[in-house]
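Read the structure below first, then the notes.
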């Protein structure tokens with residue numbers, strides 16, 4: 001799979017933004033299966049962004065499976081950044097570790 005080594009994750013257009021965008025390293029996560037995070041990917045086609053229709057398109061709510069916010073912040077799911085890092089007891093788990101203050 002061809003993925004950018006480093007990227008910035010930004011909230012989709014129209015979302016209420018309260019924190020800075022997140023610098024993300026695909027290279028730093030290369031040992032993981034892509035489907036760990038991109039759990040709806042079929043393994044063959046193009047990987048769609050998290051906010052794609054039918055995935056985490058809800059930018060209004062911080063609750064529910066379709067919430068863009070919860071795709072990254074659900075503490076009880078190893079499919080989210082926070083949940084995975086908490087379960088591994090490794091990497092960033094605090095807000096400012098991903099969202100640096102401006």
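The values are calculated or read from the model by the stated rules, or taken from the named source; none is laboratory data. The shown structure was predicted, so the numbers you read here are calculated from the model rather than taken from an experiment. Every residue, glycine among them, receives a Cβ derived from its backbone with ideal geometry; neighbour counts consider all protein chains shown.
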>> Looking at residue 65 and the list (1) assigned to a loop (DSSP other than H, G, I, E, B); (2) in contact with a helix residue (DSSP H, G or I) (Cβ under 8 Å, 6 or more places away or on another chain); (3) farther than 19 Å from residue 100 by Cα, which single condition is not satisfied?
In response: (2)
>> Exactly one of these conditions fails for residue 92: (1) touching a helix residue (DSSP H, G or I) at 6+ places or on another chain (Cβ under 6 Å); (2) within 20 Å of residue 10 (Cβ to Cβ); (3) crowded, with 16+ Cβ neighbours inside 10 Å. Give me its number.
In response: (3)
> Looking at region 21-32, is at least one residue free of Cβ contacts under 8 Å to residues at least 12 places away in the same chain, in contact with a helix residue (DSSP H, G or I) (Cβ under 9 Å, 6 or more places away or on another chain) and either loosely packed, with under 13 Cβ neighbours inside 10 Å or outside any loop (DSSP other than H, G, I, E, B) (or both)?
Replying inline: yes
> Restricting region 2-16 to residues that are modelled with pLDDT under 90 and surrounded by 11 or more Cβ atoms within 10 Å (Cβ to Cβ), which is nearest to residue 82 (Cα to Cα)?
Replying inline: 11
> Can you name every residue in region 51-89 that is surrounded by fewer than 18 Cβ atoms within 10 Å (Cβ to Cβ) and touching a strand residue (DSSP E or B) at 6+ places or on another chain (Cβ under 6 Å)?
Replying inline: 61, 66
